[in-house]
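Novice: Structure below; questions to follow.
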Amino acid sequence: MDWKKNIKCLIFDLDGVIVDTAIYHYLAWKNLAISLGIDFSESDNENLKGISRMESLDFILNLGGIAMSHEDKLKLAASKNFNYLELIKDLNESNILPGVINWLNQCEQYGIKIALGSASKNARGILEAIKLMDRFHVIIDGTNTSKTKPDPEVFLLAAEKLNLKPQECVVIEDSFKGIEAAQNGNFYSIGIGDKSILYNATIHLADMSENDINILSKLK
Ligand code: BG6
Ligand code: MG
């Protein structure tokens, strides 16, 4: 495929792709799990990548066999978010993951649109903090969607806003569920991180500095 002709947009996930916030989500959930007496490991946390705050909480409560009212769940989700925001309060440009700026610059150089497709309701605040807000043509986040990954809604909305077909977009994701969402929507995907988890991705990179946008020449 002539990717420079066919690919019109890259849709970036936020946490774990653009910025190293995934660890802080994990730490905040871990703190909450400890306060509830629930064992919660880093491998349990893989299941939370890409899903919403409330779904994450349900997963943890399920692990501990704890049932509670919706009202109590809302309070716990709010306290996790409070803790998370405290952990990321000093977030700045230095937290942008290696290679990301180069990819954004190359998109601009090749006339490829830049979109965000994130489950996070904190996405806009984070993009402000790391000073990348202006680089995005479209931002779709947890405040715009009703279904979470592996549903492709977040990516479909981004493509729709740009009047593009999924086949003209490449999703960049660090989570298994995000790659599944890309597949479910007929998008090409680049999996960033552990290949044994992201084996479904069209292309795999250990991190975004491992290669640059020219890796898209691998697309068939
Ligand atoms: C995703 C993260 O990007 O956003 C998940 O991978 C997180 O771990 C989800 O739970 C929702 O984030 P927030 O910021 O709305 O709680
Ligand atoms: Mg992610």
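Novice: Only one residue in L127, L116 is touching a residue at least 60 places away in the same chain (Cβ under 8 Å) and more than 24 Å from Q167 (Cα to Cα), so which one is that?
Specialist: Exactly one residue qualifies, and that residue is L127.
Novice: Name the single residue, out of those in region 4-61 being small (G, A, S) and in contact (Cβ under 8 Å) with a residue 60 or more places away in the chain, that is farthest from ligand 2 (Cβ to nearest atom).
Specialist: S52
Novice: Could you check L14 against (1) within 9 Å of ligand 1 (Cβ to nearest atom); (2) in the same structural domain as K161 (by TED's automatic domain parsing); (3) in contact with a Lys or Arg (Cβ under 9 Å, 6 or more places away or on another chain) and say which number it fails?
Specialist: So L14 meets the others, but not (3).
Novice: Ok, one more. Might you let me know whether region 54-64 holds any residue that is open to solvent by less than 20 Å² (accessible area, probe 1.4 Å) and of a type in the set (S, T, N, Q)?
Specialist: Within region 54-64, one or more residues are open to solvent by less than 20 Å² (accessible area, probe 1.4 Å) and of a type in the set (S, T, N, Q).
Novice: Consider I34 against the criteria (1) crowded, with 16+ Cβ neighbours inside 10 Å; (2) in a helix (DSSP H, G or I): it satisfies all of them except one. Which criterion is unmet?
Specialist: So the condition that I34 fails would be (1).
Novice: Related question: Report yes if G178 is touching a strand residue (DSSP E or B) at 6+ places or on another chain (Cβ under 9 Å), farther than 22 Å from N105 by Cβ and of a type in the set (G, A, S), otherwise no.
Specialist: In short, yes.
Residue-by-condition table, conditions (1) at positive phi; (2) more than 12 Å from ligand 2 (Cβ to nearest atom); (3) surrounded by fewer than 24 Cβ atoms within 10 Å (Cβ to Cβ):
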position	(1), (2), (3)
E168	no, yes, yes
V171	no, no, no
K177	no, no, yes
E180	no, yes, yes
Q183	no, yes, yes
I190	no, yes, no
G193	yes, no, yes
L198	no, no, yes
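Novice: Also, quick follow-up: How many of the residues making up region 66-102 are open to solvent by 80 Å² or more (accessible area, probe 1.4 Å) and within 16 Å of ligand 1 (Cβ to nearest atom)?
Specialist: The total comes to 5.
Novice: Looking at region 126-217, what strands (runs of 3 or more DSSP E) fall wholly within it and have at least 1 residues that are modelled with pLDDT under 95? Break it down stepwise before answering.
Specialist: Values: elements: 138-140, 169-173, 188-192, 203-205.
Answer list for region 126-217: none.
The values are calculated or read from the model by the stated rules, or taken from the named source; none is laboratory data. Just so it is clear, the model here is predicted, and its values are computed rather than measured. Every residue, glycine among them, receives a Cβ derived from its backbone with ideal geometry; neighbour counts consider all protein chains shown. Note: accessible area is taken over every heavy atom of the protein model, side chains too, but ligands, DNA and RNA are not part of it. Shrake-Rupley method; radii C 1.70, N 1.55, O 1.52, S 1.80 Å.
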